[in-house]
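See structure below.
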Amino acid sequence: MNIFISYTLRDEVITVDHLKSISEVVSDYGKPFVDIIDNDAKDKQKFVIEQLDNSDLVVLLNTDSVSKSKWVRLEIDRANKNNTPVISIPLNGNQSISLNYINKYLRAELKKAHKAFKSDSQRLPFSLRSKYRQALLTP
């Protein structure tokens, strides 16, 4: 499963070191993509869009400044347009970045999504079922 991690460094809650550690946690669930770490393309913006379009899941690191980031808005809007599930992990300046918290939150959200998928899967268009199933059922 390809997992796109959406974030902003704008409010300094998240650092590059945090992102490296978060990427390791997320790698338990699939192959993470973090722009600032994994993007060495010549056309960085195009590569980000390609990675987003090929993602099975988006994990939003939801800090106070996320709503001010045009890139995060674009990423979430595009994920929604592509019917890519988005898991938002709330983080703020009053809370230290806890990898255990992120891991537990991600696991709980994937479990909820799995239950929703099981009950709603018959309502999804057939073309989306396999993508959604892969994104939600693959640990």
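None of the figures in this text is laboratory data; all of them are computed from the coordinates on show. In this text the structure is predicted, and so the values were computed from the model without any measurement. Neighbour counts run over all protein chains shown; Cβ positions are idealised from the backbone, glycine included.
What the table shows:
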read-out	value
Residue-wise HN-Hα coupling along the stretch 15-22, computed from phi with Karplus coefficients 6.51, -1.76, 1.60 (Hz; x: Gly, Pro)	10, 4, 4, 4, 4, 4, 5, 5
Amide H contacts of residue 6 (H built 1.01 Å from N, under 5 Å, at least 5 apart or other chain)	59, 60, 61
Which listed pairs, of 42/111; 42/112; 20/70; 44/111, have C-alpha distances above 31 Å, in listed order	42/111; 42/112; 44/111
Qualifying trypsin sites (Lys or Arg not before Pro) in the stretch 1-87, DSSP loop, other Cβ atoms within 10 Å at most 15	10, 42
Charge dipole magnitude, Cβ of K and R +1, D and E -1 - the stretch 23-101, Cα centre, debye nearest 20	320 debye
Calculated P(r) of the stretch 1-69 - Cα pairs past 19 Å, %	31 percent
For the stretch 1-79: relative contact order, % (alpha-carbon pairs under 8 angstrom, 6 or more apart)	48 percent
